[in-house]
1. Below 8 Å, C-alpha to C-alpha, sequence gap of six or more: please give me the relative contact order for the chain in percent.
2. Once Rh is set to the Kirkwood radius over Cα pairs, what Stokes-Einstein translational diffusion coefficient, in µm²/s, holds for region 114-156 at a temperature of 4 °C and a viscosity of 1.567 mPa s?
3. Using a Gaussian network model of the chain with C-alpha springs under 10 Å, which one of 52, 108, 20 is most mobile by mean-square fluctuation?
4. Which value, in debye to the nearest 20, describes the size of the charge dipole of the chain about its Cα centre when Lys and Arg Cβ atoms bear +1, Asp and Glu Cβ atoms bear -1, and nothing else is charged?
5. Given the pairs 113/137; 171/205; 95/205, which are separated by over 19 angstrom at their Cα positions?
6. Can you give me the C-alpha center-to-center distance between region 51-98 and region 135-153, rounded to a whole angstrom?
7. Only helical DSSP H runs with n ≥ 4 go in: add -39500 (n - 2.57) per run for the chain, normalise by residue count and round the 222 nm mean residue ellipticity to 500 deg cm²/dmol.
8. Please report, in debye to the nearest 20, how large the charge dipole of region 61-131 is about its Cα centre when each Lys and Arg carries +1 at its beta carbon and each Asp and Glu carries -1 there.
Amino acid sequence: MKLLMFDMDGTLINSGYAISNTVNYVRENLNLERLEKNYILENINKPEINSSEFFYGTTEFTPLQSKLFGEYYEEHCLNDLVIYDGIKDLLENLKNDFTLSVATNANSIYAKKMLAHLGLDHYFDTVLGYNDVTQAKPHPEMLHKILDKHDILKENAQMIGDSHKDTQAAKSAGVDWVLVNWGFSDHKEDAIDTVMQLEEKIQKKFML
């Protein structure tokens, strides 16, 4: 058995408007100025950043922030969603040879709703979010849970994502990884730029 674990936001789907608009909704309710969309997306996945402090000025997320974020995101998370070019064809090509899963730092309830909205949900045997683990990526817990659930060795798995949270989680779990550059980040090294290159990386790893 072979396993591919995909990040969702910035890897499978472009959900940048929903994320940035939700952050700004919370900020506006806290009487903070709006931030540029690209600025939010460039920083939201940086492992070295404390997101609550960076975006809202508090050492951790407060109940009010979480409530505001949740209520806005639930209502608007399906707005302006786009599948990245080539992803659906890639999943179609892979579905018979791999167990496919999603490891996302989004809430898995919303993630499943978003994937279903785009017609991608049937490709994935497992969708895990931050709410399904005690520690989200870059901690490896999510990856370990997926490996354990499908009883697949780490050597037979690969993690695909657009942020260093994904690669750090993979390294900690002892899993091979691919960093993609069509998402919310602009990596200067060790990243690929096209879905075709991703398919080549997968084929090389698994000698297909």
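FYI, it's all coordinate maths here, none of it is from the lab. Note that the coordinates shown come from a computational prediction; the quantities given were computed from them, not determined experimentally. Cβ sites come from the backbone with ideal geometry, for glycine too, and all protein chains shown count toward neighbours.
1. 26
2. Working: Rh = 11.6 Å.
Result for D is 111 µm²/s.
3. 52
4. It comes to approximately 320 debye.
5. Details: 113/137 21 Å; 171/205 16 Å; 95/205 16 Å.
113/137, as the Cα separations exceed 19 Å there.
6. 19
7. -13000 deg cm²/dmol
8. Its charge dipole is roughly 200 debye.
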